[in-house]
Structure formats: structure tokens, C-alpha cells
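Heads up: the structure comes next, in C-alpha cells.
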Amino acid sequence: MSDASGAGDQLILELEWGKVVIETRPDLAPNHVARICELADQGFYDGIVFHRVIDGFMAQTGDPTGTGTGGSGQNLAAEFNDAPHQRGTCSMARAASPDSADSQFFICFDDAGFLDRQYTVWGQVVEGMEHIDRIKRGEPVPDPDKIVSMRTASAS
């Protein structure tokens, strides 16, 4: 249930060394938020690696194959919005087609305004960004860090 600020459910992302809380933004991207929460509560993200992590830019996850080419098998229509890509922003990864986002998402380490209005912002890290900062870098990442679990706060 979202509140007047547009914030929705919180997602609890557990990493080996700590908890990350993501505030979802169904006011910006209702279909993306619904799908990510659905996948999270099904355990889809549990054990999935951060396969692409670029220092000063972002950490990407959500591919069950760990290669950057996989997903859940359900593409989502773009919900581009005016929310800026800044530190802690959660946004959807996609291929060249705007409507190719699936289960992969990234969390920005720093401002990435060049992505604004071209990728679907669906949430913001509100607690535990220091844990995101610890994720091993690489493209691909040797011995990548994994999501231990990810659930909506109501399902945790």
C-alpha cells in the first residue's frame, strides 16, 4: 500500500554482511514494482549474483543465469519517469528495446543522470547503502557476491 509521498512496500534485500531496505515507488512504475515484489516473494532473487558491478556507477543483478542475458521470461513495458538516477536509485536493466526489462535491475553507486528518462526507476535504497558499496566490482565479476534473500517487508 503506497502513502501520499508515492512510497510503496519496502523490499528487504539481505546480503551476506547486512540488510538493505529499498522503498518501492509504485507511483512512478506500478507494473515494475508489482512484478519485482511478486518475484521477490516467490524467492526468485534468492542466490542470484551481482553479475555486472562498475565502480562509481552501479551494481546489476536479477539474472538467474548470472551472465546478464537471462531473466524471468516476462518482459515489461517501459515506465520511464522523471525520477533522477542518483546514489541508491533502483532502476531496471534492459536491452536495446525500451520494453525489454524483465527481472534484472541495478542500484546506482553515484549520480547517473545520463540514464534519466531512458530506464525505469522503481525504488530507492533508504537503509544499508553501505552494504551495496561493499559488493565486489567487475564486468563480469570474478567470484560474485549474491543476494541471500529478497522479500517485501510484509512477507519477511
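Within the stretch 114-129, take every residue that is out of contact with any His (no Cβ under 6 Å at 6 or more places or on another chain) and over 12 Å from Val21 (Cβ atoms) and give me the one that is surrounded by the most Cβ atoms within 10 Å (Cβ to Cβ).
Applying the first criterion (out of contact with any His (no Cβ under 6 Å at 6 or more places or on another chain)) to the stretch 114-129 yields 114, 117-119, 121, 123-129.
If we keep only those that are over 12 Å from Val21 (Cβ atoms) too, we end up with 114, 117-119, 121.
Details: Phe114: 7, Arg117: 13, Gln118: 12, Tyr119: 21, Val121: 25.
Residue satisfying both the conditions and the ranking: Val121.
Could you tell me whether any residue of the stretch 13-29 is over 25 Å from Ala155 (Cβ atoms), of a type outside the set (A, V, I, L, M) and out of contact with any strand residue (DSSP E or B) (no Cβ under 8 Å at 6 or more places or on another chain)?
Taking the stretch 13-29 as the starting set, the residues that turn out to be over 25 Å from Ala155 (Cβ atoms) are none.
No; the residues of the stretch 13-29 include none that is over 25 Å from Ala155 (Cβ atoms), of a type outside the set (A, V, I, L, M) and out of contact with any strand residue (DSSP E or B) (no Cβ under 8 Å at 6 or more places or on another chain).
Just one of the numbered conditions (1) under 25 Å from Gly43 (Cβ atoms); (2) at pLDDT below 95; (3) in contact with a Lys or Arg (Cβ under 8 Å, 6 or more places away or on another chain); (4) not aliphatic (A, V, I, L, M) is not true of Pro142; which one?
(1)
Tell me the residue from Arg137, Arg87, Arg117 that is under 20 Å from Asp63 (Cβ atoms), basic (Lys, Arg) and at pLDDT 95 or above, please.
On the way: Arg87 fails: under 20 Å from Asp63 (Cβ atoms); Arg117 fails: under 20 Å from Asp63 (Cβ atoms).
Unique residue meeting the criteria: Arg137.
Look through the stretch 50-72, keep the residues that are under 16 Å from Cys90 (Cα atoms) and among the small types (Gly, Ala, Ser), and return whichever of them is surrounded by the most Cβ atoms within 10 Å (Cβ to Cβ).
Checked the stretch 50-72; the qualifying residue surrounded by the most Cβ atoms within 10 Å (Cβ to Cβ) is Gly62.
Give the residues of the stretch 140-156 that are assigned to a loop (DSSP other than H, G, I, E, B), touching a residue at least 12 places away in the same chain (Cβ under 8 Å) and either among the β-branched types (Val, Ile, Thr) or over 15 Å from Ile107 (Cα atoms) (or both), sorted by residue number. Give the steps one after another, and end with the answer.
Let us first name the residues in the stretch 140-156 that are assigned to a loop (DSSP other than H, G, I, E, B), namely 140-145, 147-148, 153-156.
Pick out the ones that are also touching a residue at least 12 places away in the same chain (Cβ under 8 Å) and you get 140-141, 144-145, 147-148, 153-156.
Scanning the stretch 140-156 gives Pro140, Val141, Pro144, Ile147, Val148, Ala153, Ser154, Ala155, Ser156.
Which of the residues that make up the stretch 92-119 are part of a loop (DSSP other than H, G, I, E, B) and under 19 Å from Thr69 (Cβ atoms)? Don't jump to the end; show me each part of the working.
Quick first cut of the stretch 92-119, residues part of a loop (DSSP other than H, G, I, E, B) only: 93-100, 102-104, 109-112, 116-119.
Selection gives Ala93, Arg94, Ala95, Ala96, Ser97, Pro98, Asp99, Ser100, Asp102, Ser103, Gln104, Tyr119.
Looking at this structure, is Asp46 surrounded by fewer than 18 Cβ atoms within 10 Å (Cβ to Cβ) and modelled with pLDDT of 95 or more? Even if it seems obvious, please write down each step before you answer.
On the way: surrounded by fewer than 18 Cβ atoms within 10 Å (Cβ to Cβ): yes; modelled with pLDDT of 95 or more: yes.
Yes; evaluated as a whole, the condition is true for this residue.
The values are calculated or read from the model by the stated rules, or taken from the named source; none is laboratory data. Note that this is a predicted model, so its numbers are computed, not measured. Note that each Cβ is placed from the backbone with ideal geometry, even for glycine, and that neighbours are counted across all protein chains shown.
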